[in-house]
1. How do the pairs read when you match residues in the stretch B:6-25 that are at negative phi with residues anywhere that are exposed (fewer than 14 other Cβ atoms within 10 Å of the Cβ) and at pLDDT below 95, using Cβ under 9 Å and keeping only pairs 6 or more apart or on different chains?
2. Which condition number in (1) in a helix (DSSP H, G or I); (2) of a type outside the set (S, T, N, Q); (3) buried (at least 19 other Cβ atoms within 10 Å of the Cβ) is the one that residue A:177 fails?
3. Find all pairs meeting these conditions: Cβ atoms under 7 angstrom apart; at least six residues apart or on different chains; first residue within the stretch B:212-223 and in contact (Cβ under 8 Å) with a residue 40 or more places away in the chain and in a helix (DSSP H, G or I); second residue aromatic (Phe, Trp, Tyr) and open to solvent by less than 30 Å² (accessible area, probe 1.4 Å).
4. Please name all residue pairs, on different chains or six or more residues apart, with Cβ atoms under 6 Å, provided the first residue is in the stretch B:269-290 and is at pLDDT 95 or above and the second residue is small (Gly, Ala, Ser).
5. Looking only at the stretch B:225-244, decide whether some residue is surrounded by fewer than 23 Cβ atoms within 10 Å (Cβ to Cβ), in a helix (DSSP H, G or I) and either among the hydrophobic types (A, V, I, L, M, F, W, C) or facing chain A (nearest Cβ under 9 Å) (or both).
6. Of the numbered conditions (1) open to solvent by 40 Å² or more (accessible area, probe 1.4 Å); (2) closer than 23 Å to residue B:236 by Cα; (3) assigned to a loop (DSSP other than H, G, I, E, B); (4) not small (Gly, Ala, Ser), residue B:53 satisfies every one except a single condition; which is it?
7. Taking the stated definitions as given, is residue B:116 small (Gly, Ala, Ser), part of a loop (DSSP other than H, G, I, E, B), farther than 30 Å from residue B:381 by Cβ and more than 9 Å from chain A (Cβ to nearest Cβ)?
Amino acid sequence: MTVNDNNEAADTPLRVVVISAGVSDPSTTRMLADRIVTGVREAIATDERSVAFRYIELRDLAVDIAQAGIGALRSSRLDEAIGTVAEADGVIVVSPVFKASFTGLFKSFLDVLDDDVLLNMPVILAATAGTPRHALVPDQTMRPIFAYLRALPVPTAVFAATEDWGKTDALKPRVDRAAGEFAALVTANIRSSVLQRQSGSYQRTFDGAADRSGSMAELDFNSDLMRLAAGGAASLQSHPRE
Amino acid sequence: MQFGIFTVGDVTQDPTTGVTPSEAERIKAAVTIAKKVEEVGLDVYATGEHHNPPFYTSSPTTFLAYIAAQTERIMLSTSTTLITTNDPVRIAEEYAMLQHLADGRVDLMLGRGNTAPVYPWFGQDIRQSLPLALENYNLLHQLWHNDVVDFEGRFRTPLQGFTSTPRPLDDVPPFVWHGSIRTPEIAEQAAYYGDGFFANGIFWPMRHFQRLIELYRQRYAHYGHGTEDQAVVGVGSQIFVRPNSQDAISEFRPYFDNSPVYRGGPDLETVSEATPLFVGSPQQIIDRILELPEYFGNYQRQMFLIDHAGLPLKTVLEQLDVLGEQIVPVVRKELESRYGSHVPDAPTHASLVKAKYGDDEPRQPRPNPNRGDNVTGSSPYQDSDPGTPAVLPAL
C-alpha cells in the first residue's frame, strides 16, 4: 500500500483523483466535478497545503473496463488508472443517474478494483440527474458500495439536478460543506494514520494495485495460512528435511 | 531445461467445421498427442484434471499409466492435480503406483481448481480451498516421506497408524510442482518444501508473475534449499505456429475468437502481444520464448498448450513437428548457454535418487508378514524405523 508518510513535507501537493462517469463532452457530470474541485482546492488552501488533481474519465476506458469485467486481459491504461486511484490521498466520484441509480459503467469500474484499493480513502460522493427526484442516489445507492470497500465517504454528498444549474449558488453551500469535510480528512492524513494503526487487520490483495511497493516486507509470514503453508510448524525456522 | 506439452483436456467443437469430437475420439487423440511428444524429442507430457463436461480428464493416473506403457523416455506429469477435492491419501497411493509402473518418469503439479460446483460434489467448500490445499499437501508430503503417519487436521478423517502403499519408487517421492496465479501462501509452501513453482502465464500479462516468483525464490533460499536462482520454476505458454506468420494468425483466429476463455476480450493481436500466447512463424515464436526469462528468471521447465479450443488432431501433430524440429532445439541451446552451470535442471527420478543415496543402493521396502488380519502390526516394513511404530486404531 502506498500511503503518505505522516511526516511528509507540507509542501508536497496532495493527490486527489476525480473519477467522472459522464457520457457526453462536455457533461454536467464533469461540470459538477469541476465545481467540487474548485471547492476542494479552496478548502485545502486554507490549510496552506497545495493539491494536484488527476481526472479519470471512465468513458475513455469503457471498453477496457468491460473486458476486464469479464475476466479478460486488463489493459495497461486501465491498470494505470487504477494505480492512480490507489495512490491518491482522496477521491471525488461523480456519476450521472441512469434508471434511478449510478451508471453501469461507474459500477463496472468499481467492480474491477481490488477490494483494498479504497481502504480508508476519503471520498466525495456526487451525482447529477435531470430531476430532483433522484436526489438520494449518492446517499442511498453510492454510499453502501463505498462502505463495502471500507472507504471514508464524507457525510455530505453532492447532488445536482438540471434546475440547480439555473439558480444562483444552489450548489455552492453543499459543495463547500463536502469540500471542507474532505479537506479535513485529507490534510490530516487520516488514510495513512488508520492504515498504519490497523496494519494487518484488512484482507489485502497480493501484488494488487494497492500493493505496488515491490517489497515483501509487508507480507505477514506469521499468519495462520502462512504457518500452515510452512508445514503447520509454529516456527518458520524449522526445516522439513532435518 | 525441459520442454513439454500440457493440456487442459477440453472436448471442444472445432469452430471452422462445426464438428465436436466424441469423448472417445478426444481420448484417443490425446494418446496420439502424448506419444508424439516423445517421438519429436520433447521431454514432458502433462494432463489436466477435471470432473465435469466438456473435459475428459477425470482419471489422470489411468491415462498416464497407459502412456507410460507406450513410451520410453518422456516424463509424465499433471496440469494440475486437484489438491483440494482429491483425498491426499488417494493422491499418495495412485501417483506412487504410477511412479512404479513408469519407472520413475512421473512428477505432478498441484492446483486448487476454480470450478465451484466440483467442491461440493466431493464434499468440500471452495471458500476453504486455500487452507484445504495447504493442509492436504502437508499430509501428502508426510504420507510420501514417512512409512507410518498419524494425522489429524481440519478437513479429513484422522489417520492413525496409516501407511500409504506402495511406498514411492526407491523410497523417493515424485517431484511436486505447485501452480498458482496470485497466492503467496502457495509460493511459500513450495519454497518451504523445496518443491517447484509453476507459473501458467497463459491469459496473464507477462509481468504478472514477477512478484510471486520473486517471493518463491526468496523463500526457497530462506529455507536453505539453494540460492534464489537455483529454485525450480516452470512456465506455461500457448503457441500456434505456421511457416508463414500471417497464415498462423489467420488460421488460429477462429479458434481464438471462439475460445471459451478468450472470446469477448481483446483481439488476438492484443492478447498475443501482452501475454505468452505466441502465434506466428517458428522464428517469431523462438524470439518470444527467449523473452520469457526476463519475466520469469532462469526457469527449468517450459510447457506449451497446443490442443486448446477445438484444434483438430492433425493440426496439433503439425505443431509438435515444428516444435520438435525447429523451435525447441534452438531455444534449448540458447537458454542452456545463458543459464550457466549453477542453475540446476528440474529434478528427475534419477537426480533425486542420486541426491538421496549418492552411490548407495536405494531403499526397497519389503513388508512384514500379514499377521492374519490383513495388517502387519506395529511395523509395516522389515526396515521400518522401530522408533515410530504404527499404533493402529482401536476397533
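The values are calculated or read from the model by the stated rules, or taken from the named source; none is laboratory data. Quantities reported herein were computed from a predicted structural model and do not represent experimental measurements. We place every Cβ from the backbone using ideal geometry, glycine too, and count neighbours over all the protein chains shown. Ligands, DNA and RNA are stripped out before the accessible areas are found, and what is left, the full protein with its side chains, is counted by its heavy atoms. Shrake-Rupley method; radii C 1.70, N 1.55, O 1.52, S 1.80 Å.
1. What qualifies is B:10/B:260; B:12/B:260.
2. Of everything listed in (1) in a helix (DSSP H, G or I); (2) of a type outside the set (S, T, N, Q); (3) buried (at least 19 other Cβ atoms within 10 Å of the Cβ), residue A:177 misses just condition (3).
3. As it stands, the answer is B:213/B:197; B:213/B:296, since those pairs meet every condition given.
4. Hits for this filter: B:276/B:201; B:276/B:237; B:279/B:248; B:279/B:272; B:280/B:245; B:280/B:248; B:281/B:245; B:284/B:245.
5. Checking the stretch B:225-244: not a single residue is surrounded by fewer than 23 Cβ atoms within 10 Å (Cβ to Cβ), in a helix (DSSP H, G or I) and either among the hydrophobic types (A, V, I, L, M, F, W, C) or facing chain A (nearest Cβ under 9 Å) (or both).
6. For residue B:53, the exception is condition (2).
7. yes
Table: residues versus (1) open to solvent by less than 40 Å² (accessible area, probe 1.4 Å); (2) touching a residue at least 12 places away in the same chain (Cβ under 8 Å); (3) within 26 Å of residue B:234 (Cα to Cα).
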site	(1), (2), (3)
B:90	no, no, yes
B:95	yes, yes, yes
B:102	yes, yes, yes
B:110	yes, yes, yes
B:118	yes, yes, no
B:121	no, yes, no
B:136	yes, yes, yes
B:139	yes, yes, yes
B:152	no, no, no
